[in-house]
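J.: Sharing a structure, written as structure tokens. Questions coming.
The values are calculated or read from the model by the stated rules, or taken from the named source; none is laboratory data. Please read these numbers as outputs of a predicted model, since none were measured by experiment. Note that we place each Cβ from the backbone using ideal geometry, even for glycine, and neighbour counts take in every protein chain shown.
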Amino acid sequence: MAYDKFNILTSTAVPLPLENVDTDQIIPARFLKATERKGFGDNLFRDWRYNGDDTPKEDFVLNNPIYSGKILVGGKNFGSGSSREHAAWAVYDYGFRCVVSSFFADIFKNNCLNIGVLPVQVSPEFSEQIFNAIYEDANTEIEVNLQEQTITIKSTGAQESFDINSYKKENMLNGFDDIDYLQNMKGEIETFANGLML
Amino acid sequence: MSKTLFDKVWDSHVVRKIEGGPDVFFIDRHFIHEVTSPVAFLGLKNRGMNVMYPERTFATADHNTPTINQHLPVEDPLSANQLKALEDNSNEYGISHWGLGHKKNGIVHVVGPENGITFPGATIVCGDSHTSTHGAFGAIAFGIGTSEVEMVLSTQCIMQPKPKKMRINVNGQLGKGVTPKDVALYIISKLTTSGATGYFVEYAGDVFENMTMEGRMTVCNLSIEMGARGGMIAPDKTTFEYLKDKPLSPKGEAWDAAVAQWETLKTEEGATFDKELTFLASDIEPMITYGTNPGMGIGISNNIPDADTIEGGVATYKKSLDYMGYQENDSMLGKKIDYVFLGSCTNGRIEDFRAFASIVKGKQKADHVTAWLVPGSHEVEDKIKEEGILDIITEAGFVLRQPGCSACLAMNDDKIPAGKYAVSTSNRNFEGRQGPGSRTLLASPLVAAAAAVTGVVTDPRDLL
């Protein structure tokens, strides 16, 4: 499933300054029973967002109307745990197109890149600056420029550059995915497979 | 240049290198289950693609299956629908399928090795992070997302940058009551849950050399809990003895040829790692977790650490203890527990049941404890019966359930109720992991057994 092109995203952001946010929090296992990729955003952060009786938990950031936007800013080691791509789907389906953290868990980061959500890893100091800027003014805009590989806090002008490998960058700029690439080299794969012992 | 075990297996599976990008990486064995595969098959259909090598993919139902009355129709319509989708997709594309009720059915990371699907030097993936288990055989094995499941189905490849390499040595001899699970929880408590992110781990040293395959699987299984994509152990005689005559292992001359090749799978003298850590076996005691990630573990006789001694966010730490209903400096010994779960891809193998039985033999389950004993596969279940373990646990007041992932992730009805404490042999103590509001204490089968008969957190060494 190829996805929307990603170039420059300018948006307000939602702050979630907790560390080690695992994919069981992003989407609990009991919501993984679907056989289609639909509606996962409704259960994003389900148990932090809702009480047992499905009433919203007032103190959770997604229920706070002053914060909104297409960028989710998380704490260190975001997305650890289970490999469930449903976590990335939930983030996407809710409306986020970019997740910012000072450190990402491996599989979650990969899954995001594979569905067109940009994971932006920043320094702990810059992460702190973003949180401060949002808490000072919830309307603070963050600009993520994939071509230039920069992230900017519009209100303060503070900027940092981020890493992404050139192959994935091209993919995201063009809305291509890995399957598009792999499909074009099946002959080469077949030759390789023929040389294997087991 | 000298190569590590990891280099040898990785480099021999690169179909194409992309400048400034990932490697196109060939996958020898692919496992699928009912939860992370349906959308991949949907993607395949939407793009009009076929499964390139159906004989390299193996399907088993495990995540979302009941562990009682498996002969009856699955009640929850959504779960039944997922199981049906796995069966239909497997049939449509010619993939071997061990569904609910099949004699080979069980947890994917238990049945794969049991049947000889896993082999040394293989590249193995599955839409499940505990695929790292198979690294115990000297394979590169790791979890992938559903988009990648679709890639493997359609092209038998995924695109991966080569991870950095870490070697973790544990030397010496483990003390009484200290199991492979404790070794893993100890390492994770030292590294934290992100300490090995970006790395692939090789485990080396006497402790792993002297470990059984079951033990090695437990250790490699937990690699992901320190952030590593996977972990592996060089194959040796123990590995080959385990695999010989397994249903899908090579036979006759093919076996000899395979072993000759597998014997070369070792890290060469002089090969370098990006990071190397060494621990002493004598420093490890039975472990237990007190918080909401697997890095929050301590030796069972220690107290819960002070927030000031913890690296990282104090707010996150306090939120975690608050969720658990624990205080800094509390002793874990003597804490009341409500549930015990023995099972999962971490500790659902025959050795784990032997260990559990060694403690509960001649004792009685504590009255207030609910215990779920869930074998990892029918083969494990059969051995439990053959070896007389079923009699021991039955006499002690326990009931054996049927194979599956069960309360490890609580997708089925095996959910720990809100607020209750479970000593669990599984792999994750995240908030709500075992059911909304559940509180998990990760530990070995010995610690679980000791808690099951005493009703409180107990040092198993006192009962051995």
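J.: Quick check: is even one residue across segment B:315-324 outside any helix (DSSP H, G or I) and assigned by TED's automatic domain parsing to the domain that holds B:Thr458? Before you say what the answer is, go through the steps one by one.
T.: The initial filter retains those residues of segment B:315-324 that are outside any helix (DSSP H, G or I), namely none.
Scanning segment B:315-324, I find no residue that is outside any helix (DSSP H, G or I) and assigned by TED's automatic domain parsing to the domain that holds B:Thr458, so the answer is no.
J.: Something else now. Does A:Phe176 satisfy the condition of being at pLDDT below 95 and surrounded by 14 or more Cβ atoms within 10 Å (Cβ to Cβ)? Break it down stepwise before answering.
T.: Working: at pLDDT below 95: yes; surrounded by 14 or more Cβ atoms within 10 Å (Cβ to Cβ): yes.
Answer is yes for this residue.
J.: Then there's this: I'd like the residue in segment B:195-209 that is farther than 19 Å from B:Leu174 by Cα and out of contact with any Lys or Arg (no Cβ under 7 Å at 6 or more places or on another chain) and, out of all such residues, is nearest to the other protein chains (Cβ to nearest Cβ).
T.: Filtering first and then ranking leaves B:Thr197.
J.: Show me the strands (runs of 3 or more DSSP E) entirely contained within segment B:1-42 in which 2 or more residues are assigned by TED's automatic domain parsing to the domain that holds B:Asp62 and farther than 16 Å from B:Pro54 by Cβ. Explain how you work it out, then say what you get.
T.: On the way: elements: B:14-17, B:23-26, B:29-32.
Result: B:14-17, B:23-26.
J.: Follow-up question, since we're still on this one. Would you say B:Gly455 is surrounded by fewer than 22 Cβ atoms within 10 Å (Cβ to Cβ), modelled with pLDDT of 95 or more and closer than 17 Å to B:Lys335 by Cβ?
T.: Numbers: surrounded by fewer than 22 Cβ atoms within 10 Å (Cβ to Cβ): yes; modelled with pLDDT of 95 or more: yes; closer than 17 Å to B:Lys335 by Cβ: yes.
Criteria met by B:Gly455.
J.: Turning to a different aspect of this structure: Of all the residues that make up segment B:44-68, how many are touching a residue at least 40 places away in the same chain (Cβ under 8 Å) and either over 17 Å from B:Asp28 (Cβ atoms) or not assigned by TED's automatic domain parsing to the domain that holds B:Phe31 (or both)?
T.: Matching residues across segment B:44-68 total 13.
J.: Do the conditions hold for B:Ser406, that is, is it touching a strand residue (DSSP E or B) at 6+ places or on another chain (Cβ under 7 Å), within 14 Å of chain A (Cβ to nearest Cβ) and not acidic (Asp, Glu)? Quick ask: steps written out before the conclusion?
T.: On the way: touching a strand residue (DSSP E or B) at 6+ places or on another chain (Cβ under 7 Å): yes; within 14 Å of chain A (Cβ to nearest Cβ): yes; not acidic (Asp, Glu): yes.
Criteria met by B:Ser406.
J.: Sticking with this one: For segment B:326-336, give me each residue that is assigned to a loop (DSSP other than H, G, I, E, B) and under 15 Å from B:Val423 (Cβ atoms). Before you say what the answer is, go through the steps one by one.
T.: Of segment B:326-336, the ones assigned to a loop (DSSP other than H, G, I, E, B) are B:326-330, B:332-335.
Residues satisfying the conditions are B:Tyr326, B:Met332, B:Leu333, B:Gly334, B:Lys335.
J.: For segment B:149-172, check the following and say yes or no: at least one residue is away from chain A (no Cβ under 12 Å), buried (at least 24 other Cβ atoms within 10 Å of the Cβ) and among the basic types (Lys, Arg).
T.: For segment B:149-172, residues away from chain A (no Cβ under 12 Å), buried (at least 24 other Cβ atoms within 10 Å of the Cβ) and among the basic types (Lys, Arg): absent.
J.: With the requirement that a residue be closer than 30 Å to B:Tyr421 by Cβ and of a type outside the set (Ser, Thr, Tyr), what does segment B:254-292 give you?
T.: B:Phe279, B:Ala281, B:Asp283, B:Ile284, B:Glu285, B:Pro286, B:Met287, B:Ile288, B:Gly291
J.: Identify all residues within segment B:151-179 that are touching an Asp or Glu at 6+ places or on another chain (Cβ under 8 Å) and outside any loop (DSSP other than H, G, I, E, B); write none if there are none.
T.: Scanning segment B:151-179 gives B:Met151, B:Ile158, B:Met159, B:Gln160, B:Lys164, B:Lys165, B:Met166, B:Arg167, B:Ile168, B:Asn169, B:Val170, B:Asn171.
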